[in-house]
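The values are calculated or read from the model by the stated rules, or taken from the named source; none is laboratory data. Worth saying up front: this structure is predicted, and the values here are computed from it rather than measured. A quick note on method: Cβ atoms are made from the backbone with ideal geometry, for glycine too, and the neighbour counts reach across all protein chains shown. Each accessible area value is taken on the protein alone, full model and side chains, heavy atoms only, with ligands, DNA and RNA left out. Shrake-Rupley method; radii C 1.70, N 1.55, O 1.52, S 1.80 Å.
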Amino acid sequence: MSNKKGESDQSIQADEPSWRFAKLHSPPAASINRSEQESDVIDKASFFKKAERLSEGQPKEGDAEEEANLWSPKTVRTVPAFYPLEKSSRFIEDDHLAVASRLSECLRVLSVHATYNDEIATASLVTGENVEMHLSLWRTSGVDGSKYPAGIVVELQRRKGDSIVFHRYSRYILDAAMGEFDASEFQKATGGDVAHMYTKKAERMLKMQTGKTAANEEESAIIAVEIAHGLLMKDRMDARQLGLESLCLLTDPTKTGITTALIASHVVLLGTAQGASSTTDDSVIFDESPFQEIRETILSLVQLRRIGDETELSDGEDEMGSEDDDFEGKHSQEREHMSLLHNLALAVLANALEVVENIDSRDSEPETTDTKPRARVDSSDITSAFMNEGKEITSKEILSTLISELGKAAKTPHNATLSAKCLSSLMGASDDARRRAKELGAKNVVSTALDVGVRTHAKLETECNKVVKVLTQERIEEENQQQDEEN
C-alpha cells in the first residue's frame, strides 16, 4: 500500500514558473529618412493657392461632392411588420443613394424647402403653399412571402395643408423617385410652377366671360376687398388666414383679372381705391377706412409680425420659444400661426407690387370689358408713396425689412423668395428704391441668397437673378450717364 502511494507521489510534478522576456528598442534618430524630413516643411505655394481659391468663393475639394448630394442617407430602415404604407408610395429596385439624389434634385426644381435626416433616411418638406409633407425611404428585405423583392420604397405623407396641392406635388416627387422626372422639360412647360396648367385654365375661363362691364367688375372687386377686410379683422385664426388668402387671390391677375387685381393692389399699397378705377368718378365719396386698415395690417404683419396692438413676435422668440412650460403649447401654436400670416402677407405684397409695376405691359383682355383698366397714378409715384407712408405707419423702412428677410434664405427660403420678388418690383419701378437698397447692402445679401437658391430652391434663384439684373441695370445707367457728362 505504501509502495502505491510513493508511486503516485512521484507521478505528480510541481509547477515550474515560465519566464517571458520583452526587449524594448528605441528608434534611433538617424532612422528618419530625408523624405519624411521634407514632409515637415510647409509648402507655402500650395497653402496660398488654397487660400486664394477660398477667398474667391470656390469650394473646397470635398465640398463639391457634399453640395452635389444634399441628401445622403447612411442607413435605411426596413418596413415594419404591421406598418400600412400610404397609397402615395412607390417601390424602386435601385440603390438608396441614387434615389435620394434624384429626389433632392426634384425638390430643388419644385422649390420645396426640405430638411433632410441622413440617420433614418427621412425628409420634412414644406411647399410655397404651406403644405407640409413627410418623405421616407424604406428598405424591403425581399424574403420569401414578402410583398416586395429587395429594393427601396419611397413613401410621401401629407401632414398639413391643401390635399389637392399635395397631390400635385406628389406626382412629380414620386415620378422623380422612379427616374421619370425631367427637370428641364418641367421648367420649359410650366416655368417652375406646379399649378401652371390650372392657372391657364382659369385665364381661359375669364376670357370666356361675356356681358361684364368695367363698372360691374370694379363694384365686385370693391365688395370682395371689403369681405376680405371683414375676415382679416376678426380675432379667430382661421378667419384671418382666410382673409389673407382671399387677398392673395384678389391681387393675382391670372386668377381674378386685371381690373380686380389693380383695385386690390391699390388698396394694399395706398389704402384707397381711388385712382385705380377707370369709370368711377373720384368725386364719389365712400368709406375707405376698411382699405386703410387692410394696408396697416399687411405692413404690420410683414414688418412687425403682429396684427394691431398684439405683442410683437421677435426672431428670438420664434427660434427659441417661450421659457414658460405652462404656456409653451399655446405660444408654439401662436408662433406657428403668426409665421403663416407673415408668409401670406408677403405674398399679398409681392403680388400687389408686381401688378403696379407691370400693369402697362400685361395683356389687356384677360376678361371681356368695355375699357382697358389703367392706373391713373404712375407706378413710380405709387411705390414712393407706399414706402414713405409705410414708414410713418410702422416706423420701419420696408426696404430694410425685405433685405433682412432675404438674408434668412437658408432658414426660410419661401419668405426670402417673396422678399426678393418685392425688392425687384420696388427697384424696377422706383429709382429711389434702387439707390436706397444699394446703400443698405442689398448686393451682398442677394449674392448669399442666390447661392442658397442655386443649391436648394429654383424659385429663389430666379427671383434673386431678377434683383441682380435690376442692380446691374442701375450701374450701367450710371456709367452711361457719366460718359454723357464727360462728352
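Pairing residues of segment 419-443 that are at positive phi with residues that are open to solvent by less than 40 Å² (accessible area, probe 1.4 Å) and in a helix (DSSP H, G or I), at Cβ distances under 8 Å and at least 6 apart in sequence or on separate chains, gives GLY441/ILE403. All of ILE173, ILE120 fail the test of being β-branched (Val, Ile, Thr) and in a helix (DSSP H, G or I), apart from ILE173. Looking for whichever is modelled with pLDDT under 90, more than 24 Å from LEU353 (Cα to Cα) and surrounded by fewer than 14 Cβ atoms within 10 Å (Cβ to Cβ) here; the options are ASP325, ASP238. Which one fits? Just one listed residue meets the conditions, ASP325.
Can you tell me which residue in segment 66-83 is most open to solvent (accessible area, probe 1.4 Å), limited to those that are over 17 Å from ALA150 (Cβ atoms) and modelled with pLDDT of 90 or more? Result: LYS74. Residue count for segment 355-390, restricted to those that are at pLDDT 90 or above and touching a Pro at 6+ places or on another chain (Cβ under 9 Å): 1.
If you go through segment 258-274 one residue at a time, do you hit one that is under 18 Å from ASN216 (Cα atoms), over 27 Å from the mean Cα position of the chain (by Cα) and assigned to a loop (DSSP other than H, G, I, E, B)? Looking for residues that are under 18 Å from ASN216 (Cα atoms), over 27 Å from the mean Cα position of the chain (by Cα) and assigned to a loop (DSSP other than H, G, I, E, B), one finds at least one in segment 258-274, hence yes. For segment 134-172, the set of residues classified as under 26 Å from LYS74 (Cβ atoms) and without any contact (Cβ under 8 Å) to a residue 40 or more places away in the chain consists of HIS134, LEU135, SER136, GLY142, VAL143, SER146, LYS147, ARG159, listed by residue number. In segment 96-121, the residues that are among the aromatic types (Phe, Trp, Tyr) form Cβ pairs under 6 Å with partners that are open to solvent by less than 60 Å² (accessible area, probe 1.4 Å), at six or more places apart or across chains, as follows: TYR116/TRP71; TYR116/ALA123. Restricted to segment 371-463, the set of helices (runs of 4 or more DSSP H) holding at least 1 residues that are among the β-branched types (Val, Ile, Thr), more than 16 Å from the chain's Cα centre (by Cα) and within 23 Å of ARG295 (Cβ to Cβ) comprises 379-394, 398-406.
Which one is nearest to SER88 (Cα to Cα), of the residues in segment 123-162 that are part of a strand (DSSP E or B) and charged (D, E, K, R)?
First pass over segment 123-162, keeping only residues part of a strand (DSSP E or B): 123-126, 132-140, 151-160.
Restricting the remaining residues to those that are charged (D, E, K, R) gives 132, 139, 155, 158-160.
Details: GLU132: 15, ARG139: 16, GLU155: 6, ARG158: 9, ARG159: 13, LYS160: 15 Å.
Of everything passing the filter in segment 123-162, GLU155 is nearest to SER88 (Cα to Cα).
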